[in-house]
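Enquirer: Sharing a structure below in C-alpha cells format, with a few things to ask.
The values are calculated or read from the model by the stated rules, or taken from the named source; none is laboratory data. If you're wondering where the values come from, they're calculated on a predicted model, not measured in any experiment. Don't worry about glycine lacking a Cβ; one is built from the backbone with ideal geometry, like all the others, and counts go over all protein chains shown. These area figures cover heavy atoms from the full protein model, side chains too; ligands, DNA and RNA do not enter into them. Shrake-Rupley method; radii C 1.70, N 1.55, O 1.52, S 1.80 Å.
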Amino acid sequence: MDLGTFSVSLSVKDLSTTRAFYEKLGFSVFHDASEQHYLILRNGDCTIGLFEGMFEGNILTFNPGWDRDAQAVDDFDDVRDIQAGLEAVGVELMSRADPDSTGPADIMLSDPEGNVILIDQHVPRPGV
C-alpha cells in the first residue's frame with residue numbers, strides 16, 4: 001500500500017511567527033495561502049504545513065496521487081482502495097470516503113498513541 005507524499009501538518013497559534021522560526025531552520029515557502037491561514041514550507045525533501053486555527057493537534061498527512069511538488073501522478077493507490085485495505089485488516093477509521101465516489105476524497109485514522117493520520121487525495125480516482 002502506497003500512501004503517497006508525506007508531510008506533517010502543524011496546528012499553530014501565530015502563522016507569521018511560526019513561519020519566521022521555520023525559515024531560520026532553512027525552510028522556505030512552497031505554497032503561500034496565508035490569506036486562508038495556512039502555508040506549506042519545504043526544506044530539501046521535508047515538507048511541513050502550518051495551519052493557524054484550523055484544527056487541534058498535529059497531523060501526519062499523506063497525499064495519494066501527488067508527487068512531492070503537488071503535481072498529479074498517473075499511477076497511485078486510490079484512497080478508497082487504501083480505505084478498503086485498512087478496514088480489511090481491522091483498522092478503525094475516524095472518517096471514511098464514499099467507496100462509490102470517484103473524485104478527491106480523504107480518510108482519517110489515529111495510531112494507538114492518538115496521533116491523527118490524514119490520507120488526503122486531491123485528484124480523482126485513477127482512470128476516471
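Enquirer: Between His31, His37, which is on the phi > 0 side of the Ramachandran plot and either open to solvent by less than 50 Å² (accessible area, probe 1.4 Å) or in contact (Cβ under 8 Å) with a residue 12 or more places away in the chain (or both)?
Expert: Values: His31 fails: on the phi > 0 side of the Ramachandran plot.
Checking each option against the conditions leaves just His37.
Enquirer: Which of the residues that make up the stretch 50-72 are within 23 Å of Ile82 (Cα to Cα) and either open to solvent by less than 70 Å² (accessible area, probe 1.4 Å) or not in a loop (DSSP other than H, G, I, E, B) (or both)? Quick ask: steps written out before the conclusion?
Expert: As a first pass, look at the stretch 50-72 and keep what is within 23 Å of Ile82 (Cα to Cα): 58-72.
Within the stretch 50-72, Ile59, Leu60, Thr61, Phe62, Asn63, Pro64, Gly65, Trp66, Asp67, Ala70, Ala72 meet the criteria.
Enquirer: For the stretch 78-89, name all the residues that are open to solvent by less than 60 Å² (accessible area, probe 1.4 Å) and of a type outside the set (S, T, N, Q). Step through it out loud before you land on a result.
Expert: First, pick out the residues of the stretch 78-89 that are open to solvent by less than 60 Å² (accessible area, probe 1.4 Å): 78-80, 82-86.
Answer for the stretch 78-89, where residues must be open to solvent by less than 60 Å² (accessible area, probe 1.4 Å) and of a type outside the set (S, T, N, Q): Asp78, Val79, Arg80, Ile82, Ala84, Gly85, Leu86.
Enquirer: Out of Asp106, Asp45, Asp77, Asp81, I need the residue that is at pLDDT below 95 and of a type in the set (Asp, Glu). Which one?
Expert: Numbers: Asp106 fails: at pLDDT below 95; Asp77 fails: at pLDDT below 95; Asp81 fails: at pLDDT below 95.
When all the criteria are applied, what remains is Asp45.
Enquirer: Residues Leu86, Leu60: which one is farther than 14 Å from His122 by Cα and within 15 Å of the chain's Cα centre (by Cα)? Lay out the reasoning, then the answer.
Expert: Working: Leu86 fails: within 15 Å of the chain's Cα centre (by Cα).
Every option except Leu60 fails the conditions.
Enquirer: Tell me, yes or no, whether the stretch 1-16 has at least one residue that is open to solvent by 80 Å² or more (accessible area, probe 1.4 Å), aliphatic (A, V, I, L, M) and either in a helix (DSSP H, G or I) or in contact (Cβ under 8 Å) with a residue 60 or more places away in the chain (or both).
Expert: yes
Enquirer: Hey, another quick one. Looking at (1) of a type in the set (D, E, K, R); (2) without any contact (Cβ under 8 Å) to a residue 60 or more places away in the chain; (3) out of contact with any Lys or Arg (no Cβ under 7 Å at 6 or more places or on another chain), which is the one condition that is false for Asp77?
Expert: (2)
Enquirer: How about the stretch 97-126: which of its residues are open to solvent by less than 30 Å² (accessible area, probe 1.4 Å), touching a Phe, Trp or Tyr at 6+ places or on another chain (Cβ under 8 Å) and assigned to a loop (DSSP other than H, G, I, E, B)?
Expert: Passing the criteria: only Val123.
Enquirer: Moving on. Kindly provide the set of residues from the stretch 86-128 that are of a type in the set (Gly, Ala, Ser) and closer than 17 Å to Gly65 by Cα, ordered by number.
Expert: As a first pass, look at the stretch 86-128 and keep what is of a type in the set (Gly, Ala, Ser): 88, 90, 95, 97, 101, 103, 105, 110, 114, 127.
Matches in the stretch 86-128: Ala97, Ser101, Gly103, Ala105, Gly127.
Enquirer: Please tell me if Ala33 is out of contact with any Phe, Trp or Tyr (no Cβ under 9 Å at 6 or more places or on another chain) and closer than 28 Å to Gly103 by Cβ. Write out each step before concluding.
Expert: Working: out of contact with any Phe, Trp or Tyr (no Cβ under 9 Å at 6 or more places or on another chain): yes; closer than 28 Å to Gly103 by Cβ: yes.
Yes, satisfied.
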